[in-house]
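One structure is given here, and the rest of the page talks about it.
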Amino acid sequence: MPKYISLETALSFPFANGQYDHEHANEHFINGCESYKEWLEQLPAEDVEPVIRAERIWEPEPVYGNPYGSYRCSRCGSRMPHMVNYCQVCGAAFTK
């Protein structure tokens, strides 16, 4: 699964901003830092959405014909008859 990072954060790294010893640094090191910064700036943006998180809360009252209880989404309050990894109503990912 790919990890997505903030371009602003990557470019704020001191080496990406030319904040190194230009006088004493190795020429290959300087060229590498500048090439990496140029490469980062040229990357195309990915179409991603932020992950909405919620908690799965156990409700002991019977529901949906299940006499043992159900789970409830802490974000939208919808109830699920069994344990799932995300809310099927609001799409929030459960943290635990």
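Looking at the range 62-76, which of the residues that are in a loop (DSSP other than H, G, I, E, B) and touching a Lys or Arg at 6+ places or on another chain (Cβ under 9 Å) is modelled with the lowest pLDDT?
TYR64
Name the residues in the range 50-96 that are touching a Gly at 6+ places or on another chain (Cβ under 7 Å) and under 26 Å from LYS3 (Cα atoms), would you?
Hit for the range 50-96 is ILE52, nothing else.
Would you check if ALA25 is in a helix (DSSP H, G or I), outside the structural domain of ALA93 (by TED's automatic domain parsing) and either among the acidic types (Asp, Glu) or at pLDDT below 85 (or both)?
Criteria not met by ALA25.
Out of everything in the range 39-60 that is surrounded by 11 or more Cβ atoms within 10 Å (Cβ to Cβ) and within 30 Å of PRO81 (Cβ to Cβ), what residue ends up being modelled with the lowest pLDDT?
GLU59
For the range 21-38, indicate whether the set of residues that are surrounded by 10 or more Cβ atoms within 10 Å (Cβ to Cβ) and in contact (Cβ under 8 Å) with a residue 24 or more places away in the chain is non-empty.
yes
Identify all residues within the range 77-96 that are of a type outside the set (A, V, I, L, M, F, W, C) and farther than 15 Å from ASN66 by Cα; write none if there are none.
GLY77, SER78, ASN85, TYR86, GLN88, GLY91, THR95, LYS96
Confirm whether ARG79 is surrounded by 12 or more Cβ atoms within 10 Å (Cβ to Cβ), at pLDDT 75 or above and in contact with a Lys or Arg (Cβ under 7 Å, 6 or more places away or on another chain).
Yes, satisfied.
The values are calculated or read from the model by the stated rules, or taken from the named source; none is laboratory data. Because the structure is predicted, anything quoted here is derived from the model rather than measured. A quick note on method: Cβ atoms are made from the backbone with ideal geometry, for glycine too, and the neighbour counts reach across all protein chains shown.
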